[in-house]
């Protein structure tokens, strides 16, 4: 019998987090189950910092609200947690047993984890340690394994598409190349779908290393036809065939150490295309605009469906699973499948060789569609 559940959101915020929380809490309330939320993701679980979530008070009115009422942590991996020593050095320790102890002490019968690759990896690891976990796939990159779509993705694509529409008019008016850099460190779903929706001319994604000369040729061919402007969409993780993605190292100051950040892909492409074509080029980096704000109607419905399905799985005792949408139908899959080959306890960053992220394949229908309507992919 489930009497008490807890929810945490981990990783970057996306539009749809609050509707998922709302759906889980409302479904639980209808069954007489108490709901709680850990503050700031796995950090809240480690600190045992949580609040009561009530369908008639703090969960009301969340269907259209962006952000996350219980916060989220982007760097907390409890299996590999930085602990500052007396001499000022940092030692990484496995503090997951503390999380297990907190959940059992608090009497939570199920932990719902809202997040992407690393979040669900930690959920799988906690499940191995005896905690009833159910994951809900969240990321604007749409790269969580085993599901066709994650909540938050549709909103990000919609924001990117609107940006392309706006850049299109400026490009045409001033005879420029307008480059839009969108999120997508390892997966190019946002770039590809928004490029199709926005009528872009070139789209560069991480899965297809690009030849900048091929992209320039597309623009030159347009110029030859009298079209003295072009719109180019670039994933932040896009990389040339003879180089690497544009990154820099940063210490964000939270004790988690040096991180590799993606930045500059769009600027690099704009500079090179200007040199190769002679057209003035400008880059707009959309950044966190893709994450914030109100979710689209699609994401509101998808998030609600995911939340309800997650609670249903808990009531059925199907723990250690991830809610998914496959071929248009809600379903679930074992977290073991989501983890893939990364079986060792202790989560890792997404996009490593051990991760099981969902990437764009060359035979995907979006790739075929883009090619058929003349969008150059740089290969």
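Quick look at the numbers
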read-out	value
Candidates 100, 83 - the one that is surrounded by fewer than 18 Cβ atoms within 10 Å (Cβ to Cβ) and either touching a helix residue (DSSP H, G or I) at 6+ places or on another chain (Cβ under 7 Å) or within 12 Å of residue 45 (Cβ to Cβ) (or both)	100
Condition met for residue 187 (closer than 14 Å to residue 284 by Cβ, touching a residue at least 12 places away in the same chain (Cβ under 8 Å), crowded, with 24+ Cβ neighbours inside 10 Å and under 21 Å from the mean Cα position of the chain (by Cα))	no
Residues of region 287-305 classified as more than 26 Å from residue 233 (Cβ to Cβ) and either touching a helix residue (DSSP H, G or I) at 6+ places or on another chain (Cβ under 6 Å) or modelled with pLDDT under 95 (or both), total	1
Residue match in region 329-343 (condition: at pLDDT 95 or above, touching a helix residue (DSSP H, G or I) at 6+ places or on another chain (Cβ under 8 Å), closer than 21 Å to residue 197 by Cα and not in a loop (DSSP other than H, G, I, E, B))	no
Count - residues of region 103-123 that are surrounded by fewer than 20 Cβ atoms within 10 Å (Cβ to Cβ) and over 18 Å from residue 43 (Cβ atoms)	3
Residue in region 223-251 that is surrounded by the fewest Cβ atoms within 10 Å (Cβ to Cβ), counting only those that are in a strand (DSSP E or B) and modelled with pLDDT of 95 or more	231
Residue 185 being in contact with a strand residue (DSSP E or B) (Cβ under 8 Å, 6 or more places away or on another chain), assigned by TED's automatic domain parsing to the domain that holds residue 237 and modelled with pLDDT under 95	yes
Total residues in region 37-65, condition closer than 25 Å to residue 299 by Cβ, without any contact (Cβ under 8 Å) to a residue 40 or more places away in the chain and part of a helix (DSSP H, G or I)	1
Some residue of region 146-160 being closer than 30 Å to residue 242 by Cβ, modelled with pLDDT under 95 and part of a loop (DSSP other than H, G, I, E, B)	no
Subset of region 217-235 that is touching a residue at least 60 places away in the same chain (Cβ under 8 Å) and within 30 Å of the chain's Cα centre (by Cα) - its residue that is farthest from residue 166 (Cα to Cα)	233
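This table checks each residue for (1) more than 26 Å from residue 62 (Cβ to Cβ); (2) at pLDDT below 90; (3) in a helix (DSSP H, G or I).
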{"site": "314", "(1), (2), (3)": "no, no, yes"}
{"site": "319", "(1), (2), (3)": "no, no, no"}
{"site": "348", "(1), (2), (3)": "yes, yes, no"}
{"site": "352", "(1), (2), (3)": "yes, yes, no"}
{"site": "367", "(1), (2), (3)": "yes, no, yes"}
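The values are calculated or read from the model by the stated rules, or taken from the named source; none is laboratory data. Bear in mind the structure is a predicted one, so any value in this text is a computation, not a measurement. Cβ atoms come from the backbone with ideal geometry, glycine included; neighbour counts cover every protein chain shown.
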